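Encoded as structure tokens, the structure appears first; notes follow it.
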Amino acid sequence: MPDPQIADTPLDERSRAEILSPDALAFLAELHGRFDACRLELLGARAERRAAIAAGGTLDFLPETREIREDSSWRTAAPRDDYADRRVEITGPTDRKLVINALNSGAKGFMADFEDANSPTWANQVSGHANLIDAIEGTITYEASDGRHYELNEETATLLVRPRGWHLPERHISFNGAVGSGSLVDFGLFAFHGAPRLASQGLGAYLYLPKMEHHLEARLWDEVLGFAEESLGLERGTFRATVLIEALPAAFQMEEILWELRDHSYGLNAGRWDYIASAIKVLRERPEAVLPDRAEVKMTVPFMRAYTELLVRTCHGRGIFAMGGMAAQIPSRTDAEANERALAAARADKEREAADGFDGTWVAHPDTVATATAAFDAVLGERPNQIGRLRDDVVADAAALVDLGATPGAVTESGLRGNVSVGFQYISFWLGGRGAVALNNLMEDAATAEISRNQIWQWVHHGTKLEDGTVIDAALVRRILDEEMERIRAEVGEETWEAGRPEETRRVFEAVALGDDFQDFLTEMAYELLD
């Protein structure tokens, strides 16, 4: 078994003594010894497939797994009784106060996020697990500096946990000198501390699994979950995982992903923002795949419609949940008109999802829970879900899934400026330890920042023109970046500006948005600058 070594980074006594106890570290070492080599091999296969696409290869449904897709007899394990109604789930980081607020929000579920809504400082990662232990045990409280006291209501949301994706490292733990896997560390600590506590209450240990690109990556997760159940003395099926379909290649393997996770599956989620970012990334060499302004890439455009409808058909055909995407709107408590605009946008989005057959959806802010719930109540009534609604009218169409060129809309200076501003500001907050940020009345996380910088890279490398004929090049982007940095500096003041690490932020932004070589994930480069 590999020998775990912890970085010499300040942590509180509970983190060192309880969360990173010898037994917990031994469990992490066992996970790495058994599964990390396969993880690294699968990441290598990603690079090979990406090179094939760059050389002109096509994306299509796999011929070697046709039998799985065409066999109509198999089903995933049925939904558990303790979480059969998922009509609204709220997401957010594992900050102590935010965990309490999310669990009290009135949503059916709360996804505690160690991934895109989280900046993975070592303190954030480890304290997050302490917060989840207290939440599971019902003892979590928080005393604010203004004297306000926070504690759990009698009725709370069901807990779900999202670990980091297979590609992300955890450099604060090494095993025989090899850097740890963010996914195995996040999952391992939740499994070791949280799953037995949940099982003792008759509850499942629910997960969201992000950033998968291939069904063999789902197979590895299934093996990890099965081993954890056996090792921790849990019944098979205690772990139930919803897979986020947020990488373009995974849209062609939804059936196979459910098949690999059969006993542990809890369905699929339309991870819309990462999916758009992935579509740009995967097809970045192709001029026909250049997208218009981010605001124009709505869920109703052809390639997104093809993806979401296929997801519902796939999940319901196998007897499990189809979960809708994020409503990122942040309602205003001081501006009535802005508040109604935000709620109207969220309402329309959720009404469409419910009508399409989704069983539930995501929101980013407690003030949108009631709006999203009403949209699903209108379709579901007293039913917990609509899994029985088969979408046999939907046809799997490989060409439609990659038809980014059919997306209507223009590329504007306003859209370019918005991408520059959001990308820069998000990186700054992320380097400061915050992974979910309210910008322009939207909750931005790593996924939306990825869209912003991917679009800039795509536009620059294809010489895309603005509406007035101006060619988008690196010089134009840098000029706009100069202007946006000055504007932000004037707005926030000198002290806050310097605390935001502007020089490092700019260096990361330019590398991921303007570099000759495309960086797969902006967080991979920025991670080296975190504590």
Reach of residue 298 by Cα under 25 Å, taken over lysines that are not fewer than 8 positions away in the same chain:
211, 281, 350, 465
Relative contact order (percent) for the chain, with alpha-carbon contacts under 8 angstrom and 6 or more residues of separation?
16
List the GluC sites (Glu not before Pro) within region 121-214 that fall in a DSSP loop (any state other than H, G, I, E or B) and whose Cβ has at most 12 other Cβ atoms within 10 Å.
154, 155
Using alpha-carbon positions, what is the distance between the centroids of region 195-272 and region 110-129, in Å?
19
Please give the FRET efficiency for residue 227 paired with residue 48, using the beta carbon to beta carbon distance and R0 = 45 Å, rounded to the nearest 0.05.
0.95
By average C-beta atoms within 10 angstrom, highest first, the peptides 289-300, 342-353:
342-353, 289-300
From the phi of every residue in region 300-308, what ³J(HN,Hα) in whole Hz does the Karplus formula 6.51 cos²θ - 1.76 cosθ + 1.60 yield, where θ is phi - 60° and glycine or proline is x?
8, 6, x, 5, 6, 5, 4, 5, 6
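Computed over the Cα atoms of region 190-279, what is the convex hull's projected area averaged over all directions, in nm²?
Taking the Cα atoms of region 190-279, their convex hull projects to 5.5 nm² on average.
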Percent antiparallel among DSSP beta bridges (both partners in the chain, rounded to 5)
35
In the chain, taking the dipole from +1 charges on Lys and Arg beta carbons and -1 charges on Asp and Glu beta carbons about the Cα centre, the listed residue (57, 121, 103) farthest towards the positive end is 57
So how many Å³ per residue does the convex hull of the Cα atoms of region 410-527 work out to?
100
Pair-distance profile P(r), taking every C-alpha pair of region 13-399, with 10 angstrom steps and integer %
5, 23, 34, 26, 11, 1, 0
So how long is each side of region 1-142 along the principal axes, counting just the alpha-carbon atoms, biggest first, in Å?
53, 41, 29
Hey, can you rank 261-271, 15-25 by average C-beta count inside 10 Å, highest first?
261-271, 15-25
If you average 1/r over all unlike Cα pairs in region 265-419 and invert the result, what Kirkwood radius do you get in angstrom?
16.7
Region 34-52 and region 355-377: distance between their alpha carbon centers, rounded to Å
36
Distance between the C-alpha centers of region 432-507 and region 287-316? Whole Å please.
25
Count neighbours as other Cβ atoms within 10 Å of each site's Cβ, and list the trypsin sites (Lys or Arg not before Pro) in region 53-155 that are DSSP loop with at most 16 such neighbours.
75, 80, 148
What residues qualify as long-range amide H neighbours of residue 412, i.e. H under 5 Å apart, gap of 5 or more or another chain, H built at 1.01 Å from N?
293
Report, in deg cm²/dmol and to the nearest 500, the calculated mean residue ellipticity at 222 nm for the chain, where each DSSP H run with n ≥ 4 adds -39500 (n - 2.57) and the sum is divided by the residue count.
-15000 deg cm²/dmol
Which three extents, in whole angstrom, do the alpha-carbon atoms of region 59-132 cover along their principal axes, largest first?
48, 31, 19
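Just so you know, all these numbers are worked out from the coordinates, no wet-lab data involved. All of these numbers come straight from a predicted model, not from anything done at the bench. Don't worry about glycine lacking a Cβ; one is built from the backbone with ideal geometry, like all the others, and counts go over all protein chains shown.
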